[in-house]
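Chemist: Here it is, the structure, as structure tokens.
The values are calculated or read from the model by the stated rules, or taken from the named source; none is laboratory data. Just so you know, these numbers come straight off a predicted model, no measurement behind them. Here Cβ is always computed from backbone atoms with ideal geometry, including for glycine, and neighbour counts include all displayed protein chains.
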Amino acid sequence: MKAALLGLLVACGTSAPPAPAAPAPVADGITRCGPPAPPPPPPPEPVKPAREPMPSFTGSRMAMPDIEGDLSADVVNRVMRMHAEEVRACFLHLVARDPRTDALRVELAFTIVDDGSVAGVEVSGGPPMVDDCVCQRAVAMRFGSIGGRTSVRYPLIFTP
């Protein structure tokens, strides 16, 4: 009887599920935080013409963002300016620790999702403490409900 029951269990595939694979470590030098960005939708038909980029970020120098999607560059720039001092504080903490720190260029990329929250934040180019700080500030930004998605790539240039 036991042998028949064992044979039935094996035949039905009741073996233990395989253990989940551990995530592979990310070694590309990019700091990521916040929820992952949802996959992009297929491009709309017809494709809208690209918007003219506008000067952005009230940090030490102006930089031109790359903004694609449903939200206007004016709105993105306005929200970035509202958070400029918070983001700049990330760099100033580095300067306070090392007064010899010179200019720093950090690339901030993120996706604004339907509800106006930020997802898929990636920051690169700075030391880890600056990249992580900028990443956390970006996750906290809110752009208002937009009913779509907007991809943003923002170069931030800091000087003491």
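Chemist: Within segment 28-57, which residues are β-branched (Val, Ile, Thr) and either modelled with pLDDT of 85 or more or surrounded by 16 or more Cβ atoms within 10 Å (Cβ to Cβ) (or both)? Walk me through it before giving the result.
Modeler: Our first condition is that a residue be β-branched (Val, Ile, Thr); within segment 28-57, this holds for 30-31, 47.
The answer is 31, and nothing else.
Chemist: Please name all residue pairs, on different chains or six or more residues apart, with Cβ atoms under 8 Å, provided the first residue is in segment 100-112 and is touching a residue at least 40 places away in the same chain (Cβ under 8 Å) and charged (D, E, K, R) and the second residue is surrounded by fewer than 20 Cβ atoms within 10 Å (Cβ to Cβ) and part of a strand (DSSP E or B).
Modeler: From segment 100-112, the pairs are 105/155; 105/157; 107/124; 107/153; 107/155.
Chemist: Also, quick follow-up: Got a sec? Which of 78, 100 is out of contact with any strand residue (DSSP E or B) (no Cβ under 6 Å at 6 or more places or on another chain) and not in a helix (DSSP H, G or I)? Walk me through how you get there before you give the answer.
Modeler: Working: 78 fails: not in a helix (DSSP H, G or I).
That would be 100, the only listed residue that is out of contact with any strand residue (DSSP E or B) (no Cβ under 6 Å at 6 or more places or on another chain) and not in a helix (DSSP H, G or I).
Chemist: Can you find, within segment 103-131, the residue that is farthest from the chain's Cα centre (by Cα) among those that are outside any strand (DSSP E or B) and within 18 Å of residue 159 (Cα to Cα)?
Modeler: Filtering segment 103-131 for residues outside any strand (DSSP E or B) gives 103, 113-117, 125-131.
Cutting the leftovers down to within 18 Å of residue 159 (Cα to Cα) gives us 103, 125-131.
Values: 103: 23, 125: 14, 126: 15, 127: 17, 128: 15, 129: 16, 130: 15, 131: 11 Å.
It comes out as 103.
Chemist: Could you check residue 134 against (1) outside any strand (DSSP E or B); (2) surrounded by fewer than 16 Cβ atoms within 10 Å (Cβ to Cβ) and say which number it fails?
Modeler: Here residue 134 meets the rest and fails (2).
Chemist: Show the residue pairs that are 6+ apart or on different chains and have beta-carbon atoms under 7 Å apart, the first residue being within segment 144-160 and more than 18 Å from residue 68 (Cβ to Cβ), the second being small (Gly, Ala, Ser) and surrounded by fewer than 16 Cβ atoms within 10 Å (Cβ to Cβ).
Modeler: These pairs meet every condition: 157/60; 157/103; 158/60; 158/103; 159/60; 159/103.
Chemist: If you take the residues of segment 69-106 that are touching a Lys or Arg at 6+ places or on another chain (Cβ under 8 Å) and surrounded by 15 or more Cβ atoms within 10 Å (Cβ to Cβ), which of them is farthest from residue 117 (Cα to Cα)?
Modeler: So, considering only residues that are touching a Lys or Arg at 6+ places or on another chain (Cβ under 8 Å) and surrounded by 15 or more Cβ atoms within 10 Å (Cβ to Cβ), the one farthest from residue 117 (Cα to Cα) is 90.
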